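For reference, the structure is listed below as structure tokens.
Please treat every number below as a calculation from the coordinates, not as lab data. The structure displayed is predicted, hence computed values, not measured ones. Reconstructed Cβ throughout: ideal geometry from the backbone, glycine too, with neighbour counts over all protein chains shown.
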Amino acid sequence: MVNPNTKGFDHFTDEAFYYGWCENCGLGVALTDKEEIRNEILEKYHRFKKENACEPHYANCRIVQRDSGQVKDVRIMLSPDTGMADDGIFFYCHTLERLIGLSVPGRESFTLTECFGFALLTDREKMERQVFKHEADGKPVIVTGREVLLFYGEHYGIRPEELKQYATEYCCHIKHYREYGYPLLDRSLMKKMLEEEERITKGETRSFTLRIHFPWHVKITKEDNPEYAPYRYALNAYCLDNPQCFNRRYTTLEKALLHCLNGFNENAAIKDRYRSIGEYLLQK
């Protein structure tokens, strides 16, 4: 602030020296001391390694946006970008020197003005950032740990070993079933499947979407395995909204489809909606 009577400086606001202004080009830039920031970063980096005996995952920093001049406190990762959206990370650096270089105006859309310190990701954050690849129906599917944890929900408490053992593969299948667009089981599909039954060979599968309370992906496979006689068809159903699955065997395709129409009901106290496939096909 300037005293208008004496023309002398009275005091400076907190952000008075954050920016410099060029009268020639009409641009403003954040004012930084690269050597001071470099020393600050190195001192806090070495202190972290001494206290934790490991490399840090990210740095807590203050930056200034080049265009808007907005000041933000952000997390900058010391690793390559995982491609995850909305992961709470503002920027990715491959090296410590790259982090230090962010204090030079003009290199990025922002300038690093202060480093508060370094830190490690939580166990959940580390799980969220992992990327997994599996095959579903012969097609490659990729999921992130975050997708898996969101699908299972907090109450399942998925642990890192469970993430790798079964949860990611299961979620890859669910993601594929959601995105591939399998036909909905209706009267026309029901008729078609029953008409083709005699031509279905051993090991052949029919897949479709079934809506009960939630959408389900259903696979019916013709087994004809003496080990399971008299059962000839295996049904595997997967709920697309939450981790539920249903598996049964049937003597005929018609019985398998009828069980689907009745919402997999196995409670004798609850009356089935349909007594036969014919009743369903005749209903308007």
For this session: Would you mind checking the tilt of helix 34-52 against the longest principal axis of the Cα atoms of the chain, expressed as 0 to 90 degrees and rounded to 10?
Result: 50
Exercise. What number, in percent, do you get for the relative contact order of the chain if the mean sequence gap of Cα pairs under 8 Å and at least 6 apart is divided by its residue count?
Worked result: 10
Problem set entry | Estimated 222 nm signal from helices in the chain, with DSSP H stretches of n ≥ 4 weighted -39500 (n - 2.57), rounded to 500 | -7500 deg cm²/dmol
Seminar exercise, completed: If R0 = 30 Å, then K202 and S276, at their Cβ-Cβ distance, give a FRET efficiency to the nearest 0.05 of 0.70
Problem set entry | Of (i) 1.25; (ii) 1.02; (iii) 0.93, the label for Rg/Rh (Cα atoms, Kirkwood Rh) derived from the coordinates | (i)
For this session: Name the shape class, rounded, prolate or oblate, that the alpha-carbon gyration tensor gives for segment 86-204, where a ≥ b ≥ c are the square roots of its eigenvalues, rounded holds for a/c under 1.5, and otherwise prolate holds if a/b is larger than b/c and oblate otherwise.
Result: prolate
Exercise. Of the chain, which part is the longest with no GluC sites (Glu not before Pro) in a loop (DSSP not H, G, I, E, B) and with at most 14 other C-beta atoms within 10 angstrom?
Worked result: 109-195
Exercise. Classify segment 39-131: rounded, prolate or oblate, from the alpha-carbon gyration tensor (a ≥ b ≥ c, eigenvalue square roots; a/c under 1.5 rounded; otherwise prolate if a/b is larger than b/c)?
Worked result: oblate
Exercise. With axes computed from alpha carbons, what is the tilt in degrees of helix 168-180 against the longest principal axis of the chain, rounded to the nearest 10 within 0 to 90?
Worked result: 80
For this session: Determine the percent antiparallel among the DSSP beta bridges restricted to segment 68-182, to the nearest 5.
Result: 75
Exercise. Mind checking the dipole of segment 127-284: about its Cα centre, +1 per Lys or Arg Cβ, -1 per Asp or Glu Cβ, Debye to the nearest 20?
Worked result: 320
For this session: Would you mind checking K139/K191; K192/K219; K133/K222; K191/K255; K222/K255; K219/K255 for any pair whose Cα atoms are more than 23 angstrom apart?
Result: K139/K191; K133/K222
For this session: Starting from the Cα of K164, draw a straight line to each of the aspartates and glutamates and keep only those under 16 Å, dropping any in the same chain fewer than 8 residues away.
Result: D123, E125, E128, E135, E147
Exercise. When only C-alpha pairs under 8 Å and at least 6 residues apart count, what is the relative contact order of segment 138-224, in percent?
Worked result: 22
